[in-house]
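J.: Here it is: the structure, laid out below.
The values are calculated or read from the model by the stated rules, or taken from the named source; none is laboratory data. In this text the structure is predicted, and so the values were computed from the model without any measurement. Methodologically, a virtual Cβ is constructed for each residue, glycine included, from the backbone with ideal geometry; neighbour enumeration extends over all protein chains shown.
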Amino acid sequence: MAYKIVWSKRSQREFDNIVKYLLENWSQHVISNFLSEVDDKVILISDSHEIGTIVKKNRNKRSIIITPHTRLYYKIGKEKITIITLFDTRQNPKKLKKMGLAEPIIEYGETPNVIS
């Protein structure tokens, strides 16, 4: 069952800011790629909502990589998915903690760091 997608005000504002930045500083090709990646990931989480990495030990809050520097955080509800934020991974991760989120420990396909 595909879930309805709802964008929070924060995520809408962040999306608009990213697109504005890309329009001012990057080519149309880069902008098109970003928009395509966002669309693809939103469709993916709508259809397969548990695909993202669990954050902060809360199975209903997850994240998924959009680009190497952008991660989308979302919350799974009973019949909808709320996109909480788009986060530039180059920012201070303490900003995520203020939002009640935390950096994911391991993304699908990544190998955890093991200290010997």
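Residue by residue, here is whether (1) assigned to a helix (DSSP H, G or I); (2) out of contact with any helix residue (DSSP H, G or I) (no Cβ under 7 Å at 6 or more places or on another chain) holds:
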| residue | (1), (2) |
| --- | --- |
| Ser32 | yes, yes |
| Glu37 | yes, yes |
| Asp40 | yes, yes |
| Ile45 | yes, no |
| Ile54 | no, yes |
| Ser63 | no, yes |
| Leu72 | no, no |
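Residue by residue, here is whether (1) at pLDDT below 95; (2) under 15 Å from Leu96 (Cα atoms); (3) out of contact with any strand residue (DSSP E or B) (no Cβ under 8 Å at 6 or more places or on another chain); (4) surrounded by fewer than 18 Cβ atoms within 10 Å (Cβ to Cβ) holds:
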| residue | (1), (2), (3), (4) |
| --- | --- |
| Met1 | yes, no, yes, yes |
| Lys4 | no, no, no, yes |
| Leu22 | yes, no, yes, yes |
| Phe34 | no, no, no, no |
| Lys41 | no, no, no, no |
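J.: Looking only at region 45-74, which residues are under 11 Å from the mean Cα position of the chain (by Cα) and hydroxyl-bearing (Ser, Thr, Tyr)?
T.: Selection gives Thr53, Ser63, Thr67, Thr70, Tyr73, Tyr74.
J.: Another question, then. With respect to the numbered conditions (1) surrounded by 13 or more Cβ atoms within 10 Å (Cβ to Cβ); (2) not in a helix (DSSP H, G or I), which one is the sole condition not fulfilled by Glu14?
T.: For Glu14, the exception is condition (2).
J.: Continuing with the same structure: Look through Glu14, Glu50, Glu79 and report the one residue that is in contact (Cβ under 8 Å) with a residue 12 or more places away in the chain and touching a Ser or Thr at 6+ places or on another chain (Cβ under 9 Å). Spell out the reasoning first.
T.: On the way: Glu50 fails: touching a Ser or Thr at 6+ places or on another chain (Cβ under 9 Å); Glu79 fails: touching a Ser or Thr at 6+ places or on another chain (Cβ under 9 Å).
The unique qualifying residue is Glu14.
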